[in-house]
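The values are calculated or read from the model by the stated rules, or taken from the named source; none is laboratory data. Everything numeric in this text was worked out from a predicted model, so none of it was measured. With ideal geometry, Cβ positions are generated from the backbone for all residues, glycine too; neighbour counts draw on all protein chains shown. We work out accessible area using only protein heavy atoms, side chains counted, and drop any ligands, DNA or RNA first. Shrake-Rupley method; radii C 1.70, N 1.55, O 1.52, S 1.80 Å.
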Amino acid sequence: MSRDATPADFPAILALNEAFVAVLSPLDAARLARLHAQAAWHRVAEVEGRVTAFLLAFREGADYDSPNYRWFAQRYPRFLYVDRVVVAGDAQARGAGTVLYRELHVQARRDAVPWITCEFDLEPPNPASARFHARLGFGEVGGQSLHGGKKTVSLQALDVVAGDTPLAAVDAG
Ligand SMILES: CC(C)(COP(=O)(O)OP(=O)(O)OC[C@H]1O[C@@H](n2cnc3c(N)ncnc32)[C@H](O)[C@@H]1OP(=O)(O)O)[C@@H](O)C(=O)NCCC(=O)NCCS
């Protein structure tokens, strides 16, 4: 289970972001506060008082300058874009990331949002994220090169309406 993130969680969120900044984009306290204010969904998982994971997502219409967010905003009228999802190293591969996505999927259905979107790095590769997102039912809908060709990303979307994806099966109970 997760809960809404609050400003008191920001130091822990910044530390998680910093630990995996190579596969994310950099974040400082001021930028995190701005993203938090724009976010449609910002949740943390907590284990014995320690924040072990977070997920930050935006709906269409957010004031957000990320080229990946802009890519989806230009093509999808209604979507929930996962800007970042991070699970602490010692808590990975135990289902925390899946729980965060499951709750996001329930929220997307509730709000009749047809697509959950995100991206992961192809170059340099992030195979754990690629496998994680494929397992949840995401598929590639595009790609782009960033930072003057230093990074290539796979743009991914999950059909929220389809009844035959792994997350839909979980929703159905
Ligand atoms: C990617 C990430 C969010 C997944 O969360 P998680 O809690 O570790 O994943 P879960 O336990 O819910 O799901 C497990 C699945 O994720 C994938 N996965 C997680 N860690 C993995 C690893 N080290 N290597 C390969 N696959 C991995 C696998 O598909 C695994 O299931 P499978 O082994 O049955 O195929 C997490 O590993 C993470 O925070 N990584 C660092 C930051 C990051 O890459 N964020 C995403 C940026 S796009």
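Restricted to segment 113-143, and to residues that are touching a residue at least 40 places away in the same chain (Cβ under 8 Å) and of a type in the set (Asp, Glu), which residue is least open to solvent (accessible area, probe 1.4 Å)?
Only one residue tops the list, namely 121.
Can you name the number of the only condition in (1) open to solvent by 40 Å² or more (accessible area, probe 1.4 Å); (2) away from the ligand (no atom under 11 Å from the Cβ); (3) within 25 Å of residue 15 (Cα to Cα); (4) at pLDDT 95 or above that residue 150 fails?
Against the list (1) open to solvent by 40 Å² or more (accessible area, probe 1.4 Å); (2) away from the ligand (no atom under 11 Å from the Cβ); (3) within 25 Å of residue 15 (Cα to Cα); (4) at pLDDT 95 or above, residue 150 comes up short only on (4).
Which of the residues belonging to segment 1-21 are without any contact (Cβ under 8 Å) to a residue 40 or more places away in the chain and closer than 22 Å to residue 67 by Cα?
14, 18, 21, listed by residue number.
Here are 57, 22, 88: which of them is within 15 Å of the ligand (Cβ to nearest atom) and closer than 19 Å to residue 115 by Cβ?
That would be 57, the only listed residue that is within 15 Å of the ligand (Cβ to nearest atom) and closer than 19 Å to residue 115 by Cβ.
Please find, within segment 91-114, the residue that is farthest from the ligand (Cβ to nearest atom) out of those that are under 16 Å from residue 136 (Cα atoms) and among the charged types (D, E, K, R).
By that ranking, first place goes to 109.
Collect the residues in segment 153-170 that are of a type outside the set (Val, Ile, Thr) and open to solvent by less than 50 Å² (accessible area, probe 1.4 Å), keeping them in residue-number order.
Those that are of a type outside the set (Val, Ile, Thr) and open to solvent by less than 50 Å² (accessible area, probe 1.4 Å): 154, 155, 156, 157, 158, 162, 167, 168.
State yes or no: is residue 20 of a type in the set (Phe, Trp, Tyr) and closer than 19 Å to residue 3 by Cβ?
Here the answer is no, as residue 20 does not meet what is asked.
Which number in (1) touching a strand residue (DSSP E or B) at 6+ places or on another chain (Cβ under 9 Å); (2) at pLDDT 95 or above marks the one condition that residue 25 misses?
It fails just one condition, (2).
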